[in-house]
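Report on the structure given below.
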Amino acid sequence: QVQLQESGGGLVQAGGSLRLSCAASGGTFSNYAMGWFRQTPGKEREFVAAINRNGGSTYYADSVKGRFTISRDNAKNTVYLQMNSLKPEDTAIYYCAGRFLVVSTENNYNFWGQGTQVTVSS
């Protein structure tokens, strides 16, 4: 069973930056594609970014393309989400997720973290 723990959320002004981290334990990290999703009250969880097992391929939602960067360090069992040029509409709870072997942009990951709040003020 893989456990995921996010960190790095907080309050930031519009135009600012945050870096989210997600530390994995309990499994072989390099066996898992990783993704970031976000959710606001009353809305479904939406895809933000994903990365394949070796970090060679990345995928982004159109709403964050060019502003967010996903990366991973398999030696540290950690995936990151660098968020730049943040907008108030980026405010959400951000979740990291792991999926065995195959990367996906859908809400079909096997393991999920507890989430970290990101709030962007205008």
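The values are calculated or read from the model by the stated rules, or taken from the named source; none is laboratory data. These figures come from a predicted structure and were not determined experimentally. All Cβ positions, glycine included, derive from the backbone under ideal geometry; neighbour counts span all protein chains shown. What goes into the accessible areas is simple: the full protein's heavy atoms, side chains included, and nothing from ligands, DNA or RNA. Shrake-Rupley method; radii C 1.70, N 1.55, O 1.52, S 1.80 Å.
The residues of segment 1-16 that are open to solvent by 20 Å² or more (accessible area, probe 1.4 Å), closer than 20 Å to residue 73 by Cα and assigned to a strand (DSSP E or B), listed by number, are 3, 5, 7.
Yes/no per residue for (1) modelled with pLDDT under 95; (2) under 14 Å from the mean Cα position of the chain (by Cα); (3) not polar (S, T, N, Q):
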{"position": "66", "(1), (2), (3)": "no, no, yes"}
{"position": "71", "(1), (2), (3)": "no, yes, no"}
{"position": "78", "(1), (2), (3)": "no, yes, no"}
{"position": "93", "(1), (2), (3)": "no, yes, yes"}
{"position": "97", "(1), (2), (3)": "no, yes, yes"}
{"position": "104", "(1), (2), (3)": "yes, yes, no"}
{"position": "109", "(1), (2), (3)": "no, yes, yes"}
{"position": "116", "(1), (2), (3)": "no, yes, no"}
{"position": "119", "(1), (2), (3)": "no, no, no"}
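Within segment 42-64, the set of residues being among the charged types (D, E, K, R) and over 13 Å from the mean Cα position of the chain (by Cα) comprises 43, 44, 53, 62.
For segment 17-61, the set of residues classified as surrounded by 14 or more Cβ atoms within 10 Å (Cβ to Cβ), farther than 12 Å from residue 94 by Cα and either among the β-branched types (Val, Ile, Thr) or modelled with pLDDT under 95 (or both) consists of 27, 51, 58, listed by residue number.
Mind checking which residues of segment 36-60 are in contact (Cβ under 8 Å) with a residue 24 or more places away in the chain, in contact with a strand residue (DSSP E or B) (Cβ under 6 Å, 6 or more places away or on another chain), in a loop (DSSP other than H, G, I, E, B) and not hydroxyl-bearing (Ser, Thr, Tyr)? Listed by number, the residues that qualify are 45, 52, 53. Number of residues in segment 22-81 that are closer than 18 Å to residue 101 by Cβ and β-branched (Val, Ile, Thr): the value is 5.
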